[in-house]
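I have placed the structure first, in the form of structure tokens, so that the comments after it can refer back to it.
Quick note: the coordinates plus some simple rules give every number you see, no bench work behind them. This structure is a prediction, so every number in the text was calculated from the model and none was measured. Cβ coordinates were reconstructed from backbone atoms using ideal geometry, including for glycine residues, and neighbour counts include every protein chain displayed.
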Amino acid sequence: MRRIRSAALLMAAVAFSIQVSRAQSNPSQRVFRLDGGDVTYVAGVNDAGQLQTMYWGERLPAAQEFAPPKPGQGSSSFDMSSNTTPQEFTGWGGGLYVEPDLKVTFPDGNRDLVLKYQSHRVVADGFDVVMKDISREVYVTVQYRIDRETGIVRRSAEVSNRTGAPFLIEQVAGGTYNLPRALNYQLHYVTGRWAGEWDLQQQPVHAGRTVLESRRGTTGSQNNPWIMVDHVGDHDQDTGEVWFAALGWSGSWQISIEQDVVKGVRITGGPNAFDFSYLLKNGETFQTPYFYGGFSSQGVGGASRLLHRFEVDSLLPHAPQPKLRPVLYNSWEATTFNVDEAGQMALADKAASIGVERFVMDDGWFGQRNNDHAGLGDWTVNPQKFPHGLKPLIDKVHSLKMDFGLWVEPEMVNPDSDLYRKHPDWVLNFTGRPRTEGRNQLVLNLARKDVHDYVLQALDKLLNENDIAFLKWDYNRNWSEPGWSAVPVEEQKNVYVDFTRNYYDILEKLRQKHPSVEIESCSGGGSRVDLGVMHLTDEVWPSDNTDAYDRLLLQEGFSYAYSPAVMMAWVTDSPTWVNQRALSLEYRFLSSMQGSLGIGANLNKWTPEDFAKARTMIDVYKGVRETVQRGSLYRLMSPREGEQAVTESVSRDGRQAVIFAFLHSSSQLYPFPRIYLRGLREDAIYKLRVVTGKSEDDTPQSATGAYWMHHGVDVALRGDFQAAMFVLDRQ
Ligand code: GLA
């Protein structure tokens, strides 16, 4: 295994190149080229000293030369050349009307910033270009790194103040990606809300700017910081050119997609500019969040497979070998706040009996947390519910061969808590103004050092004193009144950046101190899912909506940007609290088995038949989870487009394909459409295993990959909310 990996790495290293063009001595002809996976990215410095995009797309032969980059023609006296040049990183100044990457105000009132090439540096997997303002000592190091396997580029910039005085950053981005001029671009993104996240949207890219954003303090679910652009009419999942971008930032953010006056498209991403500023003192540097960009010529399916691979192999804390997600049980829907030792132990017994590997106690175990009105902030075990601490429960869970996980919501406080009574000044607020509550709670100002230290110390203590393998880290409201009166007025808006940086810092420190502890990012569902938090957590909770049919839609939207390897999915009770929809246990399992399987049902209500069914399904899941979590995902039929939903996951070694098929409702005697598989080897023989459901009678037991892909397979699903699962094993 090790040998194969290093051989693959060697090949990748040969295939990867960063070249600086031969015209090195002439700054006006500096060309930087990155190659990774099937992608080539080229940027260069033009005669005006601007850094501009020269190419981003399908990989080009290494010998391919590029003409020196030329600034765009100004389209008229109304649009100077800087607006038509596809620049990689712009300061706001010199008549720039397109979205800038950096906007500042100097103490003397000057707000003009024009960045020109200064120097560059080639590093192992990328390059840095240093730009400088034409007169002031403001330096920006524009940074590029490429992922060798997927060709995903990581952009960021470091702004450095050597002016001798502080200045205000009023807008800043990781960088801008430019797409070639074209008339038929289409933008894909997701929108959402609590219990309705991951709603996929499509619209033509039109003249002007489309801004996706969160002004909420964290990532939010109203938009997610991910976009994809392809050509209108490219409906095939697996063919066509696609560019995508995703921001690694869990604070307020924005991605601007702008068609300029010559129909070039600029994609700029960073912290949200609304109500934003950051005071950068003399001698300080500001490192922007990472803004990732990728390209696939294999359609939107290919684009998401690249992202999944990147997340699993390069981004997750344990990449390139993150642990497979264990099957977990979570108590929330069963017991809500009514947790106690005996009740949790009884649930643990039942969970272990069906093959669960991790038992997670959710909300209600600490402080005076008997409902959502009190207790947040007091991270000590409630003595009435757990008179002997958590140890007896944890020991019991361990004796059942499961590990133990616990729910926390560290950035929040209920006004009815000891913490708030002691430190009412610790929350985000404007002095003398109301403190708006959400779910009866306020947001601690994590930007403050004392709050940062309190949260870190409370969690560290919890992990030191208890044998905890997993934290479900929740965050159940958005910001209001984002004031920080303890610092000088000109630094108060630093809260937008410092809060998020401290959140990351706590995660990082906890991971260092407790390397085996895994963490889930949850925010009342999927409100804090992005490539920034993913780098520091092991899994995410996509939605509180656990209705297994709704989940098909949510999970599909989620899968465009994020891997099933991090997508937690629980089997919960029927009818669901969400829609009062009744669904069979088998259907609920199959829906959750598309991701990382969990059980969230009230096991106290289950019948012996339910337990038997669950045991079988969990056993099946363990046999396919590597394929589902790590494999290549093909979306064969979309629940958004009809009555059917079908996905296929092909394992990395190509030996297994797992197919989930769902029927919403059949009508007028129509049979289920034929399913054409993908990603198989044409000439290899694959044996069909029907796990649940039924294939049509004339389906062969085994056939070539070519047969399954071109002839296809018919499933015999009829009725409402029916589901089937097949596995193909290569012989
Ligand atoms: C949020 C989470 C739920 C649950 C509750 C507990 O809503 O998304 O899964 O943990 O909080 O209060």
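Can you give me the long-range amide H partners of residue 93? Hydrogens built in the peptide plane at 1.01 Å from N, cutoff under 5 Å, separation of 5 or more residues or another chain.
113
To the nearest 20 debye, what charge dipole does segment 217-371 have about its Cα centre, counting +1 at the Cβ of each Lys and Arg and -1 at the Cβ of each Asp and Glu?
300 debye
Quote to one decimal, in nm, the extra length available between residue 319 and residue 162 on full extension: 0.36 nm per residue of separation minus the C-alpha distance between them.
52.8 nm is the gain from fully extending residue 319 to residue 162.
Could you list 263, 103 so that the one with the fewest beta carbons within 10 Å of its beta carbon is first and the one with the most is last?
263, 103
Lysine pairs, Cα distance under 20 Å, 8 or more residues apart or cross-chain: how many in segment 428-584?
The number of close lysine pairs in segment 428-584 is 9.
Using the number of other C-beta atoms within 10 angstrom as an exposure proxy, rank 54, 131, 637, 725 with the fewest first.
637, 54, 725, 131
Could you please state, rounded to a whole Å, how far the C-alpha centre of segment 97-164 is from the C-alpha centre of segment 536-583?
Cα centroid of segment 97-164 versus Cα centroid of segment 536-583: 40 Å apart.
Cα extents of segment 635-730 along the three principal axes, largest first, in whole Å?
So the extents along the principal axes, rounded to whole Å, are 38, 27, 22.
Rounded to the nearest 20 debye, what is the charge dipole size of segment 473-525 about its Cα centre when +1 sits on each Lys and Arg Cβ and -1 on each Asp and Glu Cβ?
Values: 6 positive and 9 negative charges, 24 e Å.
Once rounded to the nearest 20, the dipole reads 120 debye.
Summing -39500 (n - 2.57) over the DSSP H runs of n ≥ 4 in the chain and dividing by its residue number, what mean residue ellipticity at 222 nm do you reach, to the nearest 500 deg cm²/dmol? Each step should come with its number before you reach the end.
Values: 12 runs with 142 residues, N = 731.
Calculated from helices alone, the mean residue ellipticity at 222 nm is -6000 deg cm²/dmol.
In bins 5 Å wide, starting from 0, what share of all Cα pairs of segment 524-603 does each bin hold, as a percent?
3, 16, 29, 25, 15, 8, 3, 1
Considering the options 110, 583, 201, tell which one lies farthest towards the positive end of the dipole of the chain, charges being +1 on Lys and Arg and -1 on Asp and Glu at the Cβ, about the Cα centre.
The Cα lying farthest towards the positive end belongs to 110.
Taking the Cα centre of the chain as the origin and placing charges on Cβ (Lys, Arg +1; Asp, Glu -1), which of 233, 172, 297 is farthest toward the positive end of the dipole?
Going by the charge dipole, the pick is 297.
Give me the mean projected area, in nm² to one decimal, of the convex hull enclosing the Cα positions of segment 325-403.
Working: hull surface 20.4 nm².
Over every viewing direction, the Cα hull of segment 325-403 projects on average to 5.1 nm².
How many nm is it between the label spots at residue 297 and residue 78, if each spot is 7 Å from the Cα in line with the beta carbon?
Output for this residue pair reads 3.9 nm.
Quick one: which residues, 5+ away or cross-chain, put their amide H under 5 Å from the amide H of residue 175? H built at 1.01 Å from N.
Under 5 Å from the amide H of residue 175: 269.
Could you pull out every whole DSSP H run in the chain that spans at least 15 Å of Cα extent along its own axis and averages 1.6 or higher on the Kyte-Doolittle scale?
TM-like helix candidates: nothing returned.
How many angstrom separate the Cα center of segment 371-441 from the Cα center of segment 673-711?
Centre-to-centre distance over Cα atoms comes out at 51 Å.
How big is the charge dipole of segment 635-730 about its Cα centre, in debye rounded to the nearest 20, if each Lys and Arg gets +1 on its Cβ and each Asp and Glu gets -1 on its Cβ?
320 debye
Roughly speaking, what is the stretch gain from residue 112 to residue 720, that is 0.36 nm per residue apart minus the C-alpha to C-alpha distance, in nm to one decimal?
Separation in residues times 0.36 nm, less the Cα-Cα distance, equals 212.6 nm.
Tell me, what are the semi-axes, in whole angstrom and largest first, of the equivalent ellipsoid of segment 117-219 as set by the roots of 5 times the Cα gyration tensor eigenvalues?
In descending order the semi-axes read 32, 20, 16 Å.
How big is the Cα convex hull of the chain in projection, averaged over all directions, in nm²?
Values: hull surface 132.7 nm².
Its average projected convex-hull area is 33.2 nm².
Starting with the fewest neighbours, write out 385, 687 ranked by other beta-carbon atoms found within 10 Å of each beta-carbon.
Placing the least packed residue first, the sequence is 687, 385.
Around residue 700, with a cut-off of 12 angstrom between Cβ atoms, what is the net charge of the other residues, counting Lys and Arg +1 and Asp and Glu -1?
-3
If I model a spin label at residue 697 and residue 431 as a point 7 Å from the Cα along the Cα→Cβ vector, what separation in nanometres do I get?
Between residue 697 and residue 431, the simple spin-label model gives 8.4 nm.
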